[in-house]
Amino acid sequence: MNGADILDVARDAIYTLLIVSGPVMAVGLGVGLIIALFQALTQIQEMTLTFVPKIIAIFLSLLLFLPLMGAQMGDLMMRLMDRVASGG
């Protein structure tokens, strides 16, 4: 395995990481922005108001995106095993 192969594997892994984590992070960001806007408009500064809706939204998004995440991780594993089996 040379340097180009290592870079290909690393690039593939980083791309898969972004595809797998992106939707959940976007949901967390969106919910956080909505809550921050709500707090700024109403001047309610309750700490649990920020955490509880984000946790619920992220949990629901994990349930929703789990098939996509599993498929992407399985595809990465198959590509890595094909590379190992072919010897390069």
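Just a few scattered comments:
- Within the span defined as region 46-67, one or more residues are farther than 30 Å from MET81 by Cβ and of a type in the set (Ser, Thr, Tyr).
- Taken over region 1-15, the residue count meeting the criterion of being surrounded by 11 or more Cβ atoms within 10 Å (Cβ to Cβ) and outside any helix (DSSP H, G or I) is 1.
- For region 26-38, a residue qualifies if it is within 13 Å of LEU62 (Cα to Cα) and surrounded by 13 or more Cβ atoms within 10 Å (Cβ to Cβ), and the qualifying residues are VAL27, GLY28.
- Condition check for LEU18: under 28 Å from GLN72 (Cα atoms), exposed (fewer than 12 other Cβ atoms within 10 Å of the Cβ) and within 20 Å of the chain's Cα centre (by Cα): yes
- Selection within region 32-88 - outside any helix (DSSP H, G or I) and within 29 Å of VAL9 (Cβ to Cβ): GLY87, GLY88
No value in this document is a laboratory result; all are computed from the given coordinates. Here the structure is a predicted model, which is why all the values come from computation and not from measurement. Here the Cβ is made from the backbone with ideal geometry for all residues, glycine too, and neighbour counts use every protein chain on show.
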